[in-house]
Amino acid sequence: MPLQTSSPAQCGLDAARLTRIDDWMQRYVDGGRFPFAATLIARKGRVAWEGHTGYSDVEAKTAYTPDTLARMYSMTKPVTSTAFMMLYEQGLVHLDDPVSMFIPEFADTKVLVSGAESLDQTEPLHAPMTVHNLLTHTSGLTYGFNQDLLSETYGANRLDFGQRAGGLAETAVRLAETPLLFQPGSRWHYSVATDVVGRIVEVVSGKTLDRFFADNILEPLEMHDTSFVVPSSKMGRLGPCYAYDPEGGMPVFPTGFGEGEVDTMSGGGGLISTGRDYLRFAEMLRRGGALGDVRLLSRHTLSLMTSNHLPGGVDLATLGPSAWCETSFSGVGFGLGFAISLNPAQSMLSASAGDFSWGGMASTYFWCDPKEELSVVFLTQLLPSSTWPSRKELRALVYQAIVD
């Protein structure tokens, strides 16, 4: 079932003001800051606007088209969180379940002592790491790119769940043998935690993560261009990924992402998709767990996922870094897989209290605003996502076009 399309005016948007998004995207492409830029907006349940410019392959001058495939990276995380919560709704798992119930090696994981200067300065877990810790990024895990005491170890031992890391099960075991950065629940720290959730989905469902996604999320939502591996018949639709060069230009970043053999289905960052496919997923979330006649989750479960789960109801800036990518974490909470707007004035972002969002390493981004009946997806392919202030700029451009 395709999403219904309507004019901007029918959806309460000003068509003339929406052209500012076209101008904004064109400036980024003409300035050599993005290879392409694509924005999709749904409002009141209908696709109200879609615009794009630039090249999926800059050197070959291959124009971006709506069926261009893009590496979603961390925009995979909300899909994995949804998969877990589907099992939660069946009574098969609980948020307070210890991770060691599913991956026994985590029962003996050590934790770096506060202020540790070497990896042998550890202490036992004060309490078991839970699935809730994983979903809220309060687990004590990290990423190899985070530049902390464990970063080098993560890189050397392939603990970032890259597509050729050796398999989800094997990587999770190696991860459990590595100390945690802090005691679970004490801090917010972005990490491979959602990859561990993906492994738990496999253990509980008895299916590989790609098969669970296909059977329970992607096929029901008719997301036919979303997968962990791009089939040979579609490879022509996947362009390069680019990197920021402070001296100018956009060199190709050699990812190999989604190409050839993939042995590790990264629930934290492995999906390739299109803007139109991901908009279907976003609209399912925005509508409370259903798209048309297909219901994946109940509205109560979505309410739980999009509530602030940080201890004491604090914001991310209180429990973790003051900012991520180019946006402030003041006035922003975290749910089960999403950042949650708590206080737009405090965050200084165009937003509604209760809207939820996340982005990917290649500067992709999405958010859903239930109050405004709004879903927005933005695609490009530039690493890292902190290069330009595109996310907060796009928010301002979208909200200024709402006129009803």
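The values are calculated or read from the model by the stated rules, or taken from the named source; none is laboratory data. Here the structure is a predicted model, which means the values were calculated and not measured. When we count neighbours, we look across all protein chains shown, and the Cβ atoms used for this are built from the backbone with ideal geometry, even at glycine. Heavy atoms of the whole protein, side chains included, go into the accessibility calculation; ligands, DNA and RNA do not. Shrake-Rupley method; radii C 1.70, N 1.55, O 1.52, S 1.80 Å.
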*Among the numbered conditions (1) hydrophobic (A, V, I, L, M, F, W, C); (2) without any contact (Cβ under 8 Å) to a residue 40 or more places away in the chain; (3) over 19 Å from T65 (Cα atoms), tell me where M235 comes up short.*
(3)
*Which one is most open to solvent (accessible area, probe 1.4 Å), of the residues in the range 97-127 that are part of a loop (DSSP other than H, G, I, E, B), under 21 Å from L168 (Cα atoms) and out of contact with any Lys or Arg (no Cβ under 9 Å at 6 or more places or on another chain)?*
K110
*Tell me the strands (runs of 3 or more DSSP E) entirely within the range 334-404 that contain at least 3 residues that are under 14 Å from the mean Cα position of the chain (by Cα).*
356-359, 365-369, 374-379
*Scanning the range 128-158 for residues that are among the aliphatic types (A, V, I, L, M) and in a loop (DSSP other than H, G, I, E, B), which turns out nearest to P311 (Cα to Cα)?*
M129
_I need the full set of residues from the range 169-189 which are touching a Ser or Thr at 6+ places or on another chain (Cβ under 9 Å), in a helix (DSSP H, G or I) and open to solvent by 10 Å² or more (accessible area, probe 1.4 Å), in order please._
E170
*Restrict the check to the range 158-180 and report whether at least one residue is in contact with a Pro (Cβ under 9 Å, 6 or more places away or on another chain) and among the hydroxyl-bearing types (S, T, Y).*
no
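Given the options V201, V230, name the one that is out of contact with any His (no Cβ under 8 Å at 6 or more places or on another chain), assigned to a loop (DSSP other than H, G, I, E, B) and β-branched (V, I, T).
V230
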*Pairs only if they're at least six apart or on different chains, beta carbon under 9 angstrom, first in the range 16-34 and open to solvent by 30 Å² or more (accessible area, probe 1.4 Å), second of a type in the set (G, A, S) and assigned to a loop (DSSP other than H, G, I, E, B); list them, first residue then second.*
A16/A401; R17/A401; R20/A401; G32/G248; G32/G249
